[in-house]
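Chemist: Before anything else, here's the structure in question.
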Amino acid sequence: MTTTEAPATTFESLDPRTGDVVGTHPVHTAEEVHATVERARTEAAWWGALGFDERERHLQTWKGAMTRRVAQLADLMHQETGKPHGDAMLECALAIDHLAWAASHAEKVLKRRKVPSGLLMANQAAYLEYQPLGVVGVIGPWNYPVFTPMGSIGYALAAGNAVVFKPSEYTPGVAEWLARTFLESVGRPVLSVVTGFGETGAALCAAGVDKVAFTGSTATGKKVMAACAATLTPVVIEAGGKDALLVDEDADVAAAADAALWGAAANAGQTCTGVERVYVHERVYDTFLDELTRAASRLEAHDGDDSPIGPITMPKQLDVIRRHITDALARGGRALVGGADAVGERFVQPTVLVDVPEESEAVQEETFGPTVTVRKVADMDEAVRLANSTRYGLGSTVFSKARGMELASRIRSGMTAVNGVITFAAVPSLPFGGVGDSGFGRIHGADGLKEFTFAKAIARQRFKPLLALTTFNRTAQADQQLASLLTVLHGRGTTIGKP
Ligand code: NDP
């Protein structure tokens with residue numbers, strides 16, 4: 001929308017395969033967003049006071065409703081993103097599993113617990129509990145319009161918050177479906193949705209929410225963080241990646257090639273933890289490349305309902321993908337499958353690039369298309385070094401029989417799958433999030449529940465202290481006794497490296 005145009009009051013979501021209109025949705029103004037957040041505050045007070053058991057009961061009811069109508073949800077996702085129906089079902093299944101986990105683990109992770117108070121403060125009983133923040137604003141992407149925002153929504157709700165969700169302008173119908181089924185299941189709009197463009201998202205950041213959970217590009221993540229800084233509103237930023245897959249000399253090469261192709265091309269490559277770079281030990285490089293190119297050249301994206309890969313959901317992404325491929329080829333890279341012609345008007349065919357210099361955009365920047373670069377390495381030290389040489393650090397993959405765990409922990413990324421691909425995202429007890437330009441903060445798992453709370457510490461005096469220290473009536477004798485006690489407790493120390 002340009003500034004000279006009158007602001008639209010509605011907008012349409014389109015089927016990216018055909019351009020057909022899927023639905024019409026309101027463009028919520030800043031005032032409307034503000035009013036929604038105000039209403040959510042009332043819901044937060046009700047929801048927060050319910051207690052863990054009641055909230056779990058409501059969330060499990062919603063989970064059941066989603067599950068029973070999952071085909072309907074998957075249909076809508078298929079229409080708004082173009083992704084294959086089966087992929088949409090898989091995405092829903094994982095989101096539902098996470099919701100169930102968050103609902104059933106919130107109490108265990110967040111409830112009040114007693115913690116040791118230490119010898120100096122032995123007269124105190126110490127407690128720790130995690131309290132809801134209030135209203136959480138969730139700004140979601142279009143690539144996984146259910147799984148990704150639900151990683152924030154489900155966990156924030158389970159932790160006792162109300163949520164106001166601003167979906168991407170490409171997938172508003174999916175978001176409205178989630179809010180509608182929540183309302184039908186719970187009876188109150190603890191989850192509400194505001195729709196529109198970037199301006200609506202910006203308004204949500206400024207509407208007095210207690211935290212913003214953002215998923216999208218690093219550039220917009222920085223804008224969100226800057227907007228939130230004005231009100232000291234905390235943020236979780238999940239900002240994409242340039243994930244590497246490493247293949248060791250002892251790896252199951254066929255499985256690694258299969259994983260590389262699926263990781264690179266599933267969802268037409270529009271996956272924040274998609275495989276975009278592969279580093280292969282020189283001893284298995286040729287075999288790996290044979291397997292990968294053979295499988296990749298059999299994979300075709302088309303507009304039929306049985307296409308294994310959908311279209312590029314966001315049209316402007318086509319230019320990014322084309323630019324990365326063209327630049328890679330101009331710098332001496334070779335396309336073994338696909339290439340410059342792979343980028344069509346709506347679909348991109350799988351593309352396997354080799355001999356691409358490491359400093360090119362195709363290796364350094366998020367492509368978000370079904371493309372992958374493959375490079376031969378002399379050993380796994382080189383593979384780890386190259387994997388760690390971008391500004392991103394979201395996910396990664398290692399194929400190795402003997403050294404999987406060692407290599408995994410040497411890669412600077414929030415998550416690593418060993419001998420599988422993107423498997424970490426489907427394990428509800430594992431946290432999900434990145435380092436560097438991939439963002440910070442965590443969704444999923446116990447960390448994901450705590451992300452939407454604040455730690456509340458309580459020290460309760462059990463009996464009068466033997467040494468009265470926190471009083472202006474403190475005596476010189478008490479000071480002396482403290483000094484002696486300190487020496488007994490901490491005076492000896494240890495000398496590192498010496499017996
Ligand atoms: P953006 O980061 O621009 O958008 C993500 C979300 O933020 C959308 O809901 C968007 O709304 C909203 N938004 C946009 N501007 C603002 C703002 N100023 N304040 C608050 N919210 C805002 O991503 P795009 O969809 O444009 O995709 C661009 C690139 O981002 C992709 O090419 C890909 O590389 C990366 N990306 C990464 C994702 C991931 O999973 N980490 C997901 C999606 C994209 P609206 O859509 O209405 O503009």
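The values are calculated or read from the model by the stated rules, or taken from the named source; none is laboratory data. In this text the structure is predicted, and so the values were computed from the model without any measurement. For neighbour counting, all protein chains shown are included, and Cβ atoms are generated from backbone atoms with ideal geometry for every residue, glycine included. Accessible surface is based on the protein model in full, side chains and every heavy atom, while ligands, DNA and RNA are left aside. Shrake-Rupley method; radii C 1.70, N 1.55, O 1.52, S 1.80 Å.
Chemist: In region 176-193, what count of residues is obtained for those that are out of contact with any helix residue (DSSP H, G or I) (no Cβ under 6 Å at 6 or more places or on another chain) and within 16 Å of the ligand (Cβ to nearest atom)?
Modeler: 3
Chemist: Give the residues of region 407-464 that are on the phi < 0 side of the Ramachandran plot and β-branched (Val, Ile, Thr), sorted by residue number.
Modeler: ILE411, THR416, VAL418, VAL421, THR423, VAL427, VAL435, ILE443, THR453, ILE458, listed by residue number.
Chemist: Name the pairs whose Cβ atoms lie under 6 Å apart, with the first residue in region 318-342 and closer than 26 Å to PRO16 by Cα and touching a residue at least 24 places away in the same chain (Cβ under 8 Å), the second among the β-branched types (Val, Ile, Thr) and open to solvent by 10 Å² or more (accessible area, probe 1.4 Å), and 6 or more positions between them or separate chains?
Modeler: Cβ pairs passing all conditions: LEU318/VAL343; ILE321/VAL343; VAL337/THR293.
Conditions (1) charged (D, E, K, R); (2) under 30 Å from VAL247 (Cβ atoms); (3) open to solvent by 80 Å² or more (accessible area, probe 1.4 Å), marked per residue:
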site: LYS401; (1), (2), (3): yes, yes, yes
site: SER409; (1), (2), (3): no, yes, yes
site: PHE432; (1), (2), (3): no, yes, no
site: GLY436; (1), (2), (3): no, yes, no
site: GLY445; (1), (2), (3): no, yes, no
site: GLU451; (1), (2), (3): yes, no, no
site: THR475; (1), (2), (3): no, no, no
site: ASP479; (1), (2), (3): yes, no, no
site: ARG492; (1), (2), (3): yes, no, yes
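Chemist: Give all pairs with beta carbons closer than 7 Å in which a residue from region 62-79 that is part of a helix (DSSP H, G or I) meets a residue that is open to solvent by 30 Å² or more (accessible area, probe 1.4 Å) and among the hydrophobic types (A, V, I, L, M, F, W, C); count only pairs at least 6 apart in sequence or on separate chains.
Modeler: VAL70/MET89; ALA74/MET89; GLN79/VAL22
Chemist: Which of the following residues is at pLDDT 95 or above and open to solvent by 40 Å² or more (accessible area, probe 1.4 Å): ALA468, ALA378?
Modeler: After ruling out the rest, the residue left standing is ALA378.
Chemist: Sticking with this one: If SER438 satisfies every condition in (1) away from the ligand (no atom under 16 Å from the Cβ); (2) more than 24 Å from TYR285 (Cβ to Cβ) but one, which is the exception?
Modeler: (1)
Chemist: Tell me, please, whether a residue that is of a type in the set (Phe, Trp, Tyr) and open to solvent by 10 Å² or more (accessible area, probe 1.4 Å) can be found in region 148-162.
Modeler: No, there is no match, as no residue in region 148-162 is of a type in the set (Phe, Trp, Tyr) and open to solvent by 10 Å² or more (accessible area, probe 1.4 Å).
Chemist: Here's a follow-up. Among the residues of region 121-148, which ones are over 18 Å from ALA162 (Cα atoms), more than 16 Å from the ligand (Cβ to nearest atom) and in contact with a Leu (Cβ under 9 Å, 6 or more places away or on another chain)?
Modeler: Across region 121-148, the qualifying residues are ALA122, ASN123, GLU129.
Chemist: Any residue that is assigned to a loop (DSSP other than H, G, I, E, B), of a type in the set (S, T, N, Q), touching a residue at least 40 places away in the same chain (Cβ under 8 Å) and open to solvent by 20 Å² or more (accessible area, probe 1.4 Å) - is there at least one of those in region 95-115?
Modeler: no
Chemist: Please determine, by comparing only the residues of region 257-316 that are hydrophobic (A, V, I, L, M, F, W, C), part of a loop (DSSP other than H, G, I, E, B) and away from the ligand (no atom under 16 Å from the Cβ), which one is nearest to the chain's Cα centre (by Cα).
Modeler: ILE309
Chemist: Could you look through region 317-329, keep only residues that are closer than 23 Å to SER438 by Cβ and either exposed (fewer than 15 other Cβ atoms within 10 Å of the Cβ) or not aliphatic (A, V, I, L, M) (or both), and pick out the one that is nearest to the ligand (Cβ to nearest atom)?
Modeler: Looking at residues that are closer than 23 Å to SER438 by Cβ and either exposed (fewer than 15 other Cβ atoms within 10 Å of the Cβ) or not aliphatic (A, V, I, L, M) (or both), I get GLN317.
Chemist: Moving to a separate point now. Could you tell me which of the residues GLY196, GLY241 is closer than 21 Å to ALA408 by Cα, within 10 Å of the ligand (Cβ to nearest atom) and open to solvent by less than 10 Å² (accessible area, probe 1.4 Å)?
Modeler: GLY241
Chemist: While we're looking at this one, here's another question. THR42 - would you say it is surrounded by fewer than 16 Cβ atoms within 10 Å (Cβ to Cβ) and part of a helix (DSSP H, G or I)?
Modeler: Considered against the rule, which asks whether it is surrounded by fewer than 16 Cβ atoms within 10 Å (Cβ to Cβ) and part of a helix (DSSP H, G or I), THR42 comes out as yes.
Chemist: Which number in (1) more than 14 Å from the ligand (Cβ to nearest atom); (2) under 26 Å from the mean Cα position of the chain (by Cα) marks the one condition that ARG112 misses?
Modeler: Single failed check for ARG112: (2).
Chemist: Something else now. Just name the residue that is least open to solvent (accessible area, probe 1.4 Å) out of those in region 199-218 that are more than 7 Å from the ligand (Cβ to nearest atom) and closer than 30 Å to VAL372 by Cα.
Modeler: Step by step, filter region 199-218, then rank; the result is ALA213.
Chemist: So, VAL275, is that one open to solvent by less than 20 Å² (accessible area, probe 1.4 Å) and either more than 23 Å from TYR392 (Cα to Cα) or modelled with pLDDT of 95 or more (or both) or not?
Modeler: yes
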